[in-house]
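A.B. asks: One structure, as structure tokens, below. Some questions next.
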Amino acid sequence: MSSPTTPGTTRSVPDPGTAAGTSAAPAARSGRTVVTGIGVVAPCGLGAEAYWKALLAGESGITGLSRFDTSGYPATLAGEIRDFDAREHLPSRLLPQTDVSTRYAVVAADWALADAGVAQEAGETGEAGLADYDMGVVTSTAQGGFDFTHREFRKLWDEGPEYVSVYESFAWFYAVNTGQISIRNKMRGPSAALVGEQAGGLDAVGHARRTVRRGTPLVVSGGVDSAFDPWGYSAQLAGGRVTTATDPARAYLPFDRAASGHVPGEGGAILVVEDADSARERGAGTVYGEIAGYAATFDPPPGSERPPGLRRAAELALADAGLEPADIGIVYADAAAVPELDRAEAEALRGLFGAYGVPVTAPKTLTGRMYAGGGPADLAAALFTLRDGVAPATAHTTDVPDDYGLDLVLGEPRAVRGRAALVLARGRHGFNSAIVVTAP
Amino acid sequence: MAQMTLEELRDTLVACAGEGDAVDLSGDILDVPFEELGYDSLALMESAARIERAYGISLPEEATSEADTPRALLDLVNGITASAV
């Protein structure tokens with residue numbers, strides 16, 4: 001497991017000398033890292049374009065949780081994916097050994113690679129023209145394989161240890177999504193799994209960029225989460241930040257006076273992150289944008305007089321991108337929907353951009369918080385915002401305190417100018433991460 | 001005690017570890033190495049545990065991991081079930 005890096009180490013310089021790749025690996029030259037493929041698995045849409053259309057249309061994936069009987073539970077809502085049949089997307093060989101979260105990750109990676117024009121099982125003769133050691137995988141999950149593990153624990157207690165699946169040995173594991181994507185697509189380049197609670201998905205993409213700059217031409221990166229079995233859902237409720245509201249349209253209300261916590265979601269996004277020159281050389285069809293800046297910070301300990309680290313993460317990501325606040329056309333907020341956290345985020349944004357200084361949105365109100373999947377899904381939406389010049393609204397929120405000084409996109413999508421977007425994510429116990437993406 | 005058939009072994013493998021798209025398990029696979037059938041050591045551990053429960057036997061770890069074809073595994077299983085009568 002890896003903690004977010006200190007600011008001093010986030011600005012990795014291009015360092016082709018450390019490339020462990022093969023002679024076929026072109027060394028990073030411009031140091032620019034671009035996104036060439038996007039796969040999204042989300043409660044409001046399967047596939048990147050379906051997800052984006054749903055965000056713009058304000059179609060919500062938040063409903064009563066259907067995976068088990070929630071009567072007697074203090075909360076009952078979830079951003080649940082209901083139309084995903086793993087058998088349609090994956091070989092039967094993978095089903096006995098994968099948690100639902102891993103199925104989402106592997107399928108989102110398939111979609112992202114198809115979008116990027118990289119053949120599955122590309123290998124040395126693949127369409128990408130990249131050797132197996134030229135491609136790495138860096139993913140994040142905050143929760144691991146809860147559903148799978150719950151089933152195996154039930155067998156352990158009810159039937160005995162000899163009934164527990166041998167696949168439990170890795171199906172629960174934080175690194176399993178990286179491993180399965182790597183195996184399925186024969187990607188043997190530098191790979192990693194990062195855990196940073198709900199900020200981890202952005203950290204994974206930040207580390208993917210670092211990996212590209214060190215000489216690996218292509219890295220599959222992002223995050224997913226899912227924990228909607230009774231144990232996983234209970235664990236989320238125990239965290240104390242899940243709303244007990246029962247009306248799906250009045251439950252997850254970030255920045256609203258009525259904010260009462262979030263609705264948990266499942267899913268996330270996987271991106272294909274590439275060296276810009278290598279992508280051009282292999283003839284990548286679409287360049288969605290550049291991962292122009294990344295930074296991660298950690299909050300001071302409770303009781304400290306120092307401020308939370310979110311603003312510093314945003315400032316460092318901007319500096320890393322070589323941009324000023326005025327260059328940012330839209331901010332995708334973390335949007336905790338816990339009043340003191342909303343206030344802290346509003347204060348960070350006000351401090352950096354000035355009161356009402358930049359449009360801010362949180363379309364994760366349509367999916368629930370997808371934990372490590374939330375940041376990468378927001379990144380996907382931010383890239384689409386730069387492409388289409390429009391930002392989806394923050395659904396359901398209506399009544400934002402004036403002293404937040406937030407120009408929150410409410411009600412309807414808004415036309416957005418600017419060639420750069422800032423995406424923020426916070427994780428419990430102090431994680432802050434920020435990524436700046438720019439239009440190609 | 002009942003002898004395990006190739007059909008039963010096939011069903012056990014599929015239930016425990018699925019089947020590959022490129023492999024025809026319905027053919028004559030008795031002497032095809034598990035590796036070629038797409039079953040790795042974990043798939044075989046999972047299947048062995050299922051066989052142990054179904055037949056009420058204990059499969060020695062080393063001999064099981066050395067059984068690299070369906071015929072070898074069936075001989076091992078059926079040798080144990082026969083001697084357990």
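A.B. asks: Sorted from largest to smallest, which semi-axis lengths in Å does the alpha carbon gyration tensor of the protein assembly as shown give for its equivalent ellipsoid, taking the root of 5 times each eigenvalue?
C.D. replies: The equivalent ellipsoid of the protein assembly as shown has semi-axes of 43, 28, 19 Å.
A.B. asks: Given A:138, A:91, A:172, which one lies farthest toward the positive end of the charge dipole of chain A, if we put +1 on the Cβ of every Lys and Arg and -1 on the Cβ of every Asp and Glu?
C.D. replies: Of the candidates, A:138 comes out farthest on the positive side.
A.B. asks: Where a ≥ b ≥ c are the square roots of the eigenvalues of the C-alpha gyration tensor, would you call region A:293-438 rounded, which needs a/c under 1.5, or, failing that, prolate if a/b is larger than b/c, or oblate?
C.D. replies: rounded
A.B. asks: Next question, about the same structure. In a GNM of chain A with a 10 Å cut-off on Cα contacts, which of A:362, A:204, A:119 has the highest mean-square fluctuation?
C.D. replies: Sorting by GNM fluctuation, first place goes to A:119.
A.B. asks: Hey, what's region B:6-83 come to in accessible area per residue, 1.4 Å probe, Å²?
C.D. replies: For region B:6-83, the solvent-accessible area averages 52 Å² per residue.
A.B. asks: Only four residue types carry charge here, +1 at the Cβ of Lys and Arg and -1 at the Cβ of Asp and Glu. Report the dipole size of the protein assembly as shown about the Cα centre in Debye, rounded to the nearest 20.
C.D. replies: 1900
A.B. asks: To continue, here is another question. With only Lys, Arg, Asp and Glu charged, each at its Cβ (+1 for the first two, -1 for the last two), find how big the charge dipole of region A:138-231 is about the Cα centre; round to the nearest 20 debye.
C.D. replies: 840
A.B. asks: Between residue B:84 and residue A:246, how high is the FRET efficiency from 1/(1 + (r/R0)^6) when r is the Cβ-Cβ distance and R₀ = 60 Å? Nearest 0.05.
C.D. replies: So, using R0 = 60 Å, E works out to roughly 0.55.
A.B. asks: Moving on to the next point. Which one, A:333, A:119, A:373, is farthest towards the positive end of the dipole of the protein assembly as shown when Lys and Arg carry +1 and Asp and Glu -1 on their Cβ?
C.D. replies: A:333
A.B. asks: If you put +1 on each Lys and Arg Cβ and -1 on each Asp and Glu Cβ, how big is the dipole of region B:37-85 around its Cα centre, in Debye rounded to 20?
C.D. replies: Here the size comes out at about 260 debye.
A.B. asks: Another question about this same structure. Would you look at the GNM of chain A, springs on alpha carbons closer than 10 Å, and say which of A:178, A:394, A:149 moves the most?
C.D. replies: So, out of A:178, A:394, A:149, the one fluctuating most is A:149.
A.B. asks: Moving to a separate point now. Which value in Å is the Kirkwood Rh of region A:7-290 over different Cα pairs?
C.D. replies: One over the average 1/r among Cα pairs gives 19.8 Å for region A:7-290.
A.B. asks: Would you please classify the overall shape of region A:130-209 from the alpha carbon gyration tensor, given that a ≥ b ≥ c denote the square roots of the eigenvalues, rounded means a/c under 1.5, and beyond that prolate means a/b larger than b/c while oblate covers the rest?
C.D. replies: Verdict is oblate for region A:130-209.
A.B. asks: Could you report the buried accessible area between B and A, both sides summed, computed with a 1.4 Å probe and given in Å² to the nearest 100?
C.D. replies: Summing both chains' loss of accessible area gives about 1000 Å².
A.B. asks: Projecting each Cα onto the charge dipole of chain B (Lys/Arg +1, Asp/Glu -1 at the beta carbon, about the Cα centre), which of B:80, B:63, B:25 comes out farthest on the positive side?
C.D. replies: B:80
A.B. asks: Counting only protein heavy atoms and using a 1.4 Å probe, what share of the accessible area of region A:7-290 belongs to carbon plus sulfur, as a whole percent?
C.D. replies: C and S atoms contribute 52 percent here.
A.B. asks: A further question on this structure: Let me know the Kirkwood hydrodynamic radius for region B:6-83, please, with Cα pairs as the basis and the value in Å to one decimal.
C.D. replies: Kirkwood hydrodynamic radius for region B:6-83: 12.5 Å.
A.B. asks: I'd like the residues of region A:67-111 whose 1.4 Å-probe accessible area shrinks by no less than 10 Å² going from the isolated chain to the full set of protein chains.
C.D. replies: A:91, A:92, A:93, A:96
A.B. asks: Grab the other residues whose beta carbon is less than 14 angstrom from that of residue B:18, score K and R as +1, D and E as -1, and report the net.
C.D. replies: +1
A.B. asks: Checking the cross-link filter: which aspartates and glutamates have an alpha carbon closer than 19 Å to that of residue A:155, excluding same-chain neighbours under 8 positions apart?
C.D. replies: A:99, A:147, A:168, A:229, B:46, B:52
A.B. asks: So which residues of region A:139-169 lose at least 10 Å² of accessible area, probe 1.4 Å, when you go from the chain by itself to every protein chain present?
C.D. replies: With the partner chains in place, region A:139-169 has these residues losing at least 10 Å²: A:162, A:163, A:165, A:166, A:167.
A.B. asks: Calculate the spin-label point distance for residue B:36 paired with residue B:8, positioning each point 7 Å from the Cα along the beta-carbon direction, and give it in nanometres.
C.D. replies: Spacing of the two 7 Å Cα→Cβ label points: 2.6 nm.
A.B. asks: What are the membrane-span-like helices in chain B by this rule: whole DSSP H runs, Cα extent along the axis at least 20 Å, mean Kyte-Doolittle hydropathy at least 0.0?
C.D. replies: Helix filter hits for chain B: B:41-55.
A.B. asks: Could I ask something else about it? Using a Gaussian network model of chain A whose springs link C-alpha atoms within less than 10 Å, name the residue from A:112, A:131, A:227 with the highest mean-square fluctuation.
C.D. replies: Among A:112, A:131, A:227, the largest GNM mean-square fluctuation belongs to A:131.
A.B. asks: How far, in nm, would the chain grow between residue A:304 and residue A:356 when pulled straight, counting 0.36 nm per residue and subtracting the alpha carbon separation?
C.D. replies: Result: 15.9 nm gained on full extension.
A.B. asks: Another question about this same structure. Can you list which of the trypsin sites (Lys or Arg not before Pro) found in region A:41-82 are DSSP loop residues with at most 14 other C-beta atoms within 10 Å?
C.D. replies: A:82
The values are calculated or read from the model by the stated rules, or taken from the named source; none is laboratory data. Predicted, not measured: the structure shown is a model, and the values here were computed from it. All Cβ positions, even for glycine, are placed from backbone atoms using ideal geometry, and neighbour counts span all protein chains on display. Accessible surface is based on the protein model in full, side chains and every heavy atom, while ligands, DNA and RNA are left aside. Shrake-Rupley method; radii C 1.70, N 1.55, O 1.52, S 1.80 Å.
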